[in-house]
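K.L.:
Input: one structure, supplied below.
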Amino acid sequence: MNDKLKVIAGLIVFFAIFSYPFWNNIFNKENPEHKPVLSAEAEKAKECVRSKDYMTKEHMQLLDIWRDKVVRSGERVYKYGNGKEYNMSLSNTCLGCHTSKAEFCDRCHDYASVKPYCWDCHIDPKENK
Amino acid sequence: MNGNYIFSLITVVVLGLLAFFGTTVFGLQYLFGVIVPYACVIWFVFGILKRMLGWANSPVPFRITTTCGQQKSLPWIKQNRIDNPSTGIETIIRMILEIVLFRSLFRNTKSDITASGKVTYIWEKWLWVGALAFHYSFLVVIVRHMRFFTDPVPYLISMLEYFDSLFKIEFVGEVVGTSLQIGLPGFFISGLVLLAAILFLFSRRVLISQVRYISLPADFFPLFLLMGIAGTGIFMRYFSKVDIISIKELTMGLATFCIPDGAVLAGLSSVFYIHLFLVCILLAYFPFSKLMHMGGVFLSPTRNLPNNSRARRHINPWNYPVKVHTYDEYEDEFREKMIEAGLPVEKES
Ligand code: HEM
């Protein structure tokens, strides 16, 4: 006698869980669009606060540094390489240029499953008009 | 210095360098991002099947009653139903508790010699604590990683991310001349616990001389491998930063069998490729190493058999009809010779 049937049942359960990434996507339709759309304002400005590569990977770090500077040391002006000056503000500067939060920030964030808690307090200027 | 862990450390470093130079110098992103992951997953599946079916074909032994409590006996003697189960359901409870709480490890003791020269046994719970921390944070990290393989990301996974980053660890400032910022993206506590637990389990093997003596490269290699995986993961999330959106395009491509074009693959950071390659090595190494205790724990004969040897007769499964030669037959065969030699016989003729 041996426990072959029980082992095989266990294996089936294991592989059903293990292959989850493969079968899950058969039933779920992918979000049709996850690429952020640049608003007309951003298109006109042509460049972001810093290089595109930096923004894609590290914009949250930049926001944290801005927050720290504004809230802790009262500095409100950000200057970087390109010589332009920016008012360090989430709702005014970032969303002033990336005017549609839903089509820019949220597209990426939904895709990557990040839910910034910032919007508990900060506003999306568009939403409240 | 101990050859066992130096050898394992060098192996993991070389594997990391392989992925690093393979993607930065030789442009083998397709190999490290697509071919190796698929090959290792297939290898893992067949490896697990081979090992488990091998075990499934082995006969189940007699009840091995290494118990930790009173067996079912006379009605007025209280049975310890979980530690010494006599029915299937009680055994299942014992197995579940073993698998989710590691009760056998909880009983771990350490022998020592007291000041007066006597041997004593001390309850040693740190291995149990370290093992629990390690396995559960590992599980949470793996489940959280499913955000790279699902779109839309299921609610349960977002929920887990939320609770995992609920405890905010934030820092903005300077450390030895370089500015450091931690806090955005949110800090996942499980990643840190995972790395800390691996380092603890490793230091245990190195610092306790008896444990070091019984540790082999096969014990150190998985530890270094996991250190490398957790280390590169933490490094890329909080320090070097990676382009998550492009990574998810690759991982979703792997899951749905439509690989994104070469530009996406070429744009990914080499830290990501090291992380992924070490995970692939882990998958490939898994079925043929001690890591198979993941499946093996379900087959622990001292845990998964009810202690009912007194209530039920268990026939040895590998019994075969044995040829016997009884004394009666022996005497029948040699009676005359025995009588001639004067030996006593039971029947005279
Ligand atoms: C054995 C399996 C794995 C382990 C133990 C592991 C471990 C980790 C850890 C500890 C982190 C740090 C952040 C966190 O706590 O989540 C991390 C991050 C990461 N891992 Fe893994 N990982 C594994 C498999 C994978 C796989 C298969 C992929 C993709 C193909 C992957 C891609 C990533 C990425 C992209 C990050 C950065 C996450 C971010 O920046 O938010 N990992 N990993």
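The values are calculated or read from the model by the stated rules, or taken from the named source; none is laboratory data. These numbers come from a predicted model, not from an experiment. All Cβ positions, even for glycine, are placed from backbone atoms using ideal geometry, and neighbour counts span all protein chains on display.
K.L.:
Which residues, taken from the range A:66-92, are surrounded by fewer than 18 Cβ atoms within 10 Å (Cβ to Cβ) and aliphatic (A, V, I, L, M)?
P.N.:
Answer for the range A:66-92, where residues must be surrounded by fewer than 18 Cβ atoms within 10 Å (Cβ to Cβ) and aliphatic (A, V, I, L, M): A:70, A:71, A:77.
K.L.:
Quick one: in the range B:290-328, which of the residues that are of a type in the set (A, V, I, L, M) and free of Cβ contacts under 8 Å to residues at least 12 places away in the same chain is surrounded by the most Cβ atoms within 10 Å (Cβ to Cβ)?
P.N.:
The first filter runs over the range B:290-328 and keeps only residues of a type in the set (A, V, I, L, M), leaving B:291-292, B:294, B:297, B:299, B:305, B:311, B:315, B:322, B:324.
From what is left, the residues that are free of Cβ contacts under 8 Å to residues at least 12 places away in the same chain are B:294, B:315, B:322, B:324.
Working: B:294: 13, B:315: 8, B:322: 5, B:324: 6.
That would be B:294.
K.L.:
Another question, if that's okay. Would you list the helices (runs of 4 or more DSSP H) that sit entirely within the range B:1-106 and hold 1 or more residues that are surrounded by fewer than 13 Cβ atoms within 10 Å (Cβ to Cβ)? Break it down into steps so the answer makes sense when it comes.
P.N.:
Working: elements: B:3-24, B:36-56, B:88-101, B:103-106.
Once the helices (runs of 4 or more DSSP H) in the range B:1-106 are filtered for at least 1 residues that are surrounded by fewer than 13 Cβ atoms within 10 Å (Cβ to Cβ), what remains is B:3-24, B:36-56, B:88-101.
K.L.:
Let me ask something else. (1) on the phi < 0 side of the Ramachandran plot; (2) within 10 Å of the ligand (Cβ to nearest atom): which one isn't true of residue B:201, the others all being true?
P.N.:
Only one criterion is unmet by residue B:201, namely (2).
K.L.:
Okay, moving on. Looking at the range B:94-128 only, could you name the residues that are touching a residue at least 12 places away in the same chain (Cβ under 8 Å) and of a type in the set (A, V, I, L, M)? Don't jump to the end; show me each part of the working.
P.N.:
Keep residues of the range B:94-128 that are touching a residue at least 12 places away in the same chain (Cβ under 8 Å), which gives B:94-95, B:97-99, B:101-102, B:104-110, B:121-128.
Selection gives B:95, B:97, B:99, B:101, B:105, B:122, B:127.
K.L.:
I've got another one for you. Any idea how many residues of the range B:255-279 are within 11 Å of the ligand (Cβ to nearest atom) and facing chain A (nearest Cβ under 8 Å)? Walk me through how you get there before you give the answer.
P.N.:
Step one: filter the range B:255-279 for residues within 11 Å of the ligand (Cβ to nearest atom), giving B:255, B:268-269, B:271-279.
Cutting the leftovers down to facing chain A (nearest Cβ under 8 Å) gives us B:255.
Qualifying residue count, the range B:255-279: 1.
K.L.:
Also, quick follow-up: Residue B:127 - would you say it is in a helix (DSSP H, G or I), more than 14 Å from chain A (Cβ to nearest Cβ) and either in contact with an Asp or Glu (Cβ under 7 Å, 6 or more places away or on another chain) or of a type in the set (A, V, I, L, M) (or both)? First the steps, then the outcome.
P.N.:
Values: in a helix (DSSP H, G or I): yes; more than 14 Å from chain A (Cβ to nearest Cβ): yes; either in contact with an Asp or Glu (Cβ under 7 Å, 6 or more places away or on another chain) or of a type in the set (A, V, I, L, M) (or both): yes.
Spelling it out, residue B:127 is indeed in a helix (DSSP H, G or I), more than 14 Å from chain A (Cβ to nearest Cβ) and either in contact with an Asp or Glu (Cβ under 7 Å, 6 or more places away or on another chain) or of a type in the set (A, V, I, L, M) (or both).
K.L.:
Hey, another quick one. Which members of the range B:297-349 meet the condition of being part of a loop (DSSP other than H, G, I, E, B) and charged (D, E, K, R)?
P.N.:
Taking the range B:297-349 first, the residues part of a loop (DSSP other than H, G, I, E, B) are B:300-326, B:341-349.
The answer is B:303, B:310, B:312, B:313, B:323, B:346, B:347, B:348.
K.L.:
Continuing with the same structure: How about the range A:8-37: which of its residues are in contact with a helix residue (DSSP H, G or I) (Cβ under 9 Å, 6 or more places away or on another chain) and more than 9 Å from chain B (Cβ to nearest Cβ)? Break it down stepwise before answering.
P.N.:
So the first thing to find is which residues in the range A:8-37 are in contact with a helix residue (DSSP H, G or I) (Cβ under 9 Å, 6 or more places away or on another chain), and the list is A:8, A:10-11, A:14-16, A:18-26, A:30-31, A:33-37.
Those that are in contact with a helix residue (DSSP H, G or I) (Cβ under 9 Å, 6 or more places away or on another chain) and more than 9 Å from chain B (Cβ to nearest Cβ): A:16, A:23, A:33, A:37.
K.L.:
Also: Might you check whether a residue that is at pLDDT 90 or above and in contact with a helix residue (DSSP H, G or I) (Cβ under 7 Å, 6 or more places away or on another chain) occurs anywhere in the range A:63-77?
P.N.:
Yes, the range A:63-77 contains at least one residue that is at pLDDT 90 or above and in contact with a helix residue (DSSP H, G or I) (Cβ under 7 Å, 6 or more places away or on another chain).
K.L.:
So, of the residues in the range B:228-243 that are near the ligand (Cβ under 8 Å from one of its atoms) and more than 29 Å from the chain's Cα centre (by Cα), which turns out to be farthest from the other protein chains (Cβ to nearest Cβ)?
P.N.:
B:242
Results for (1) at pLDDT below 90; (2) within 22 Å of residue B:294 (Cα to Cα); (3) assigned by TED's automatic domain parsing to the domain that holds residue B:307, shown as yes or no for each residue.
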{"position": "B:53", "(1), (2), (3)": "no, yes, yes"}
{"position": "B:57", "(1), (2), (3)": "yes, yes, yes"}
{"position": "B:69", "(1), (2), (3)": "yes, no, yes"}
{"position": "B:73", "(1), (2), (3)": "yes, no, yes"}
{"position": "B:79", "(1), (2), (3)": "no, no, yes"}
{"position": "B:98", "(1), (2), (3)": "no, yes, yes"}
{"position": "B:110", "(1), (2), (3)": "yes, no, yes"}
{"position": "B:114", "(1), (2), (3)": "yes, no, yes"}
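K.L.:
Let me ask something else. For the range A:79-111, how many residues are more than 14 Å from chain B (Cβ to nearest Cβ), farther than 26 Å from residue B:148 by Cα and outside any helix (DSSP H, G or I)? Walk me through it before giving the result.
P.N.:
Quick first cut of the range A:79-111, residues more than 14 Å from chain B (Cβ to nearest Cβ) only: A:79, A:81-87, A:89, A:91-93, A:95-103.
From what is left, the residues that are farther than 26 Å from residue B:148 by Cα are A:79, A:81-87, A:89, A:91-93, A:95-97, A:99.
With outside any helix (DSSP H, G or I) added as a condition, the list becomes A:79, A:81-87, A:89, A:99.
Within the range A:79-111, residues that are more than 14 Å from chain B (Cβ to nearest Cβ), farther than 26 Å from residue B:148 by Cα and outside any helix (DSSP H, G or I) number 10.
K.L.:
I'd like to verify a number: residues in the range A:1-42 that are part of a loop (DSSP other than H, G, I, E, B), under 30 Å from residue A:110 (Cβ atoms) and at pLDDT below 90, how many?
P.N.:
As a first pass, look at the range A:1-42 and keep what is part of a loop (DSSP other than H, G, I, E, B): A:1-3, A:19, A:28-39.
Next, from what is left, pick out any that are under 30 Å from residue A:110 (Cβ atoms): A:19, A:28-39.
Among the residues that remain, those that are also at pLDDT below 90 are: A:28-39.
Summing the residues that are part of a loop (DSSP other than H, G, I, E, B), under 30 Å from residue A:110 (Cβ atoms) and at pLDDT below 90 in the range A:1-42 gives 12.
K.L.:
Inspect all residues belonging to the range A:70-78 and state whether any of them is part of a loop (DSSP other than H, G, I, E, B) and touching a Lys or Arg at 6+ places or on another chain (Cβ under 9 Å).
P.N.:
Looking for residues that are part of a loop (DSSP other than H, G, I, E, B) and touching a Lys or Arg at 6+ places or on another chain (Cβ under 9 Å), one finds at least one in the range A:70-78, hence yes.
K.L.:
What pairs can you find where one residue is in the range B:152-163 and facing chain A (nearest Cβ under 7 Å), the other is aromatic (Phe, Trp, Tyr) and crowded, with 16+ Cβ neighbours inside 10 Å, and their Cβ atoms are less than 8 Å apart, with a gap of 6+ or different chains?
P.N.:
Short answer, once both residue conditions are applied: B:161/B:188.
K.L.:
Right, something else. Take the residues of the range B:98-109 that are of a type outside the set (S, T, N, Q) and either within 14 Å of chain A (Cβ to nearest Cβ) or within 20 Å of residue B:199 (Cβ to Cβ) (or both): which is farthest from the ligand (Cβ to nearest atom)?
P.N.:
Our first condition is that a residue be of a type outside the set (S, T, N, Q); within the range B:98-109, this holds for B:98-103, B:105-107.
Next, from what is left, pick out any that are either within 14 Å of chain A (Cβ to nearest Cβ) or within 20 Å of residue B:199 (Cβ to Cβ) (or both): B:99, B:102, B:105.
On the way: B:99: 19, B:102: 19, B:105: 21 Å.
It comes out as B:105.
K.L.:
Moving on. State which residue is nearest to the other protein chains (Cβ to nearest Cβ) when the search covers only the range B:174-193 and only residues that are on the phi > 0 side of the Ramachandran plot and either aromatic (Phe, Trp, Tyr) or loosely packed, with under 12 Cβ neighbours inside 10 Å (or both). Talk me through it step by step, then tell me what you get.
P.N.:
Within the range B:174-193, the first condition is being on the phi > 0 side of the Ramachandran plot, and the residues that meet it are B:176-177, B:183.
From what is left, the residues that are either aromatic (Phe, Trp, Tyr) or loosely packed, with under 12 Cβ neighbours inside 10 Å (or both) are B:176-177.
Working: B:176: 18, B:177: 16 Å.
In this case the residue turns out to be B:177.
K.L.:
Okay, moving on. From the residues in the range B:110-166 that are among the acidic types (Asp, Glu) and under 20 Å from residue B:248 (Cα atoms), which one is farthest from the ligand (Cβ to nearest atom)?
P.N.:
Taking the range B:110-166 first, the residues among the acidic types (Asp, Glu) are B:112, B:124, B:151, B:161, B:164.
Applying the additional criterion that residues be under 20 Å from residue B:248 (Cα atoms) yields B:151, B:161.
Working: B:151: 14, B:161: 9 Å.
The residue in question is B:151.
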